[in-house]
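Everything on this sheet refers to the single structure shown next.
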Amino acid sequence: MPPRVTRAVTAAACVLLVLNLSVWAAGAPPGAVLRLVLAGTLGSGYGVGQLLAKATPLLFTGAAVALALRAGLFNIGAEGQGGLGILCAAVCGAWLPAGTPWLLALPLALLAAALGGGSLGALAGWLRGRFGTHEVLSTLMLNGLVAVLTTWLYGGPLRVGEQVHTRVIAPGARLPLAASFAPALRGSGLNLAFALGIVCVALAGLYLRSTRGGLALRALGASPGAAEALGVDPVRTATRAMALSGALAGLVGAHYVLGVKGFAEQGMGAGVGFTGIAVALLGALRPGGIVLAALFFGLLAQGGLVVNALVPADVLAVAQAAVIIAVAALGAGLRRGESTP
């Protein structure tokens, strides 16, 4: 069996072992928990809808992290970029008059979300290209800055009465729920942001594969010295890569604000930026892999809710952690194998 396949099978076996041990330690039969997870996610229209809804923001953050990694940049700021995208989408949507047609309102709100996340990413990219500030450090600091800013805004200037959230956005800026097209999905949070996420993942892959700008990003990631010798401007390319990455992360606002809630509040989207790192790595930075990885983590997230009657939801959080560790170990093993003559 090829080493790559052997490592993948070993990683999957380790994840299953950790999951079964966690369930057993919680005092529940693993088989019953697995059946409950499958019944609560794939066994009904509502479960499928919730699975896809949980996967939707991970499509954006997974694509964001993957695009930056292809340029040799580790964007761990998708959390803050997504938070700023949520804020900008909500502010833009609430600012629009109630009668604004959707042909104008929706693109403006989406653009606001992308610009919010993209501006934060561009700043980190520019600092990396111009001053050599590592993007891990800058994006971590920017994550903290966004958290402080949004806490103040949601609890103060943007607060509506006793509710700690922004004003409701204009109806024309809302994305339809999937239940309006498929009644079987009624009650779930699935909306057209899922389709938008699929399109963004595909477009990001197409950009990297088929455009001059994408080639420059990949060249920078493969060999910065060689890329510069070929005429690639490292400052401009790093800034563009992080701006595009941040814009993708900012579009999580399409799901939470335009699709589900209709407003923004503190804590909305928490964790999806960091989970996006695991999605990108598990998906091997490829569009198809990112979609499958997002669906897998969506299944774990929804499964953690439906098994709460038998075991704590944190049991499946342990499974998520096992997946991340296995992916990291698998990636390290593959890199060592590829560097061996």
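There is no residue in the range 237-260 that is closer than 30 Å to residue 128 by Cβ, at pLDDT below 95 and within 15 Å of the chain's Cα centre (by Cα).
Residue count for the range 14-66, restricted to those that are at pLDDT below 90 and assigned to a helix (DSSP H, G or I): 24. Being closer than 18 Å to residue 34 by Cβ, at pLDDT below 90, over 18 Å from the mean Cα position of the chain (by Cα) and assigned to a helix (DSSP H, G or I) is the requirement here; does residue 304 meet it? Yes.
Looking across the range 168-208, just one residue is loosely packed, with under 13 Cβ neighbours inside 10 Å and touching a Pro at 6+ places or on another chain (Cβ under 9 Å), and that is 206. Residue 219 passes every criterion in (1) closer than 27 Å to residue 56 by Cβ; (2) more than 16 Å from the chain's Cα centre (by Cα) apart from (1). Count of the range 64-110 residues, restricted to those that are of a type in the set (A, V, I, L, M, F, W, C) and more than 17 Å from residue 135 (Cα to Cα), is 20.
Among residues of the range 198-238 being out of contact with any Gly (no Cβ under 8 Å at 6 or more places or on another chain) and of a type in the set (Ser, Thr, Tyr), the one that is farthest from residue 295 (Cα to Cα) is 223.
Here residue 147 clears all of (1) buried (at least 19 other Cβ atoms within 10 Å of the Cβ); (2) touching a helix residue (DSSP H, G or I) at 6+ places or on another chain (Cβ under 8 Å) except the condition numbered (1). Checked against the criterion of being hydrophobic (A, V, I, L, M, F, W, C) and touching an Asp or Glu at 6+ places or on another chain (Cβ under 9 Å), the candidates 254, 238 yield just one match: 238. Residue 73 fulfils the conditions (1) within 24 Å of residue 173 (Cα to Cα); (2) touching a Lys or Arg at 6+ places or on another chain (Cβ under 9 Å) except for a single criterion, (1). Residue check: residue 165 meets all listed conditions (1) out of contact with any strand residue (DSSP E or B) (no Cβ under 9 Å at 6 or more places or on another chain); (2) surrounded by 16 or more Cβ atoms within 10 Å (Cβ to Cβ); (3) under 22 Å from residue 92 (Cβ atoms) but one, namely (1).
Among the residues of the range 273-299, those identified as crowded, with 22+ Cβ neighbours inside 10 Å, of a type in the set (A, V, I, L, M) and closer than 21 Å to residue 49 by Cα are 279, 290, 293, 294, 299. Among the residues that make up the range 148-167, is at least one of them more than 19 Å from residue 259 (Cβ to Cβ), under 22 Å from the mean Cα position of the chain (by Cα) and among the aliphatic types (A, V, I, L, M)? Yes: one or more hits.
Scanning the range 170-187 for residues that are touching a Phe, Trp or Tyr at 6+ places or on another chain (Cβ under 6 Å) and under 15 Å from residue 53 (Cα atoms) gives a single hit, 187.
Is it the case that some residue within the range 161-171 is within 15 Å of residue 84 (Cβ to Cβ) and either in a loop (DSSP other than H, G, I, E, B) or touching a helix residue (DSSP H, G or I) at 6+ places or on another chain (Cβ under 6 Å) (or both)?
Scanning the range 161-171, I find at least one residue that is within 15 Å of residue 84 (Cβ to Cβ) and either in a loop (DSSP other than H, G, I, E, B) or touching a helix residue (DSSP H, G or I) at 6+ places or on another chain (Cβ under 6 Å) (or both), so the answer is yes.
Could you list all residues from the range 129-168 that are among the small types (Gly, Ala, Ser), free of Cβ contacts under 8 Å to residues at least 24 places away in the same chain and under 30 Å from residue 236 (Cβ atoms)?
Taking the range 129-168 first, the residues among the small types (Gly, Ala, Ser) are 129, 132, 138, 144, 147, 155-156, 161.
Applying the additional criterion that residues be free of Cβ contacts under 8 Å to residues at least 24 places away in the same chain yields 132, 156, 161.
Passing the criteria: only 132.
Criterion applied to 222, 270, 227, 249 was being under 13 Å from residue 78 (Cβ atoms) and surrounded by fewer than 24 Cβ atoms within 10 Å (Cβ to Cβ), and the one residue passing it is 270.
Every residue in the range 69-81 that is in contact with a Ser or Thr (Cβ under 6 Å, 6 or more places away or on another chain) and assigned to a helix (DSSP H, G or I), please.
At the first step, the residues of the range 69-81 found to be in contact with a Ser or Thr (Cβ under 6 Å, 6 or more places away or on another chain) are 75-78.
Listed by number, the list holds a single entry, 78.
Take the conditions (1) assigned to a helix (DSSP H, G or I); (2) farther than 17 Å from residue 234 by Cα; (3) at pLDDT below 95; (4) not β-branched (Val, Ile, Thr); residue 126 misses just one of them, which is (2).
The values are calculated or read from the model by the stated rules, or taken from the named source; none is laboratory data. Note that the structure is predicted; figures quoted are calculated from it, not measured. When we count neighbours, we look across all protein chains shown, and the Cβ atoms used for this are built from the backbone with ideal geometry, even at glycine.
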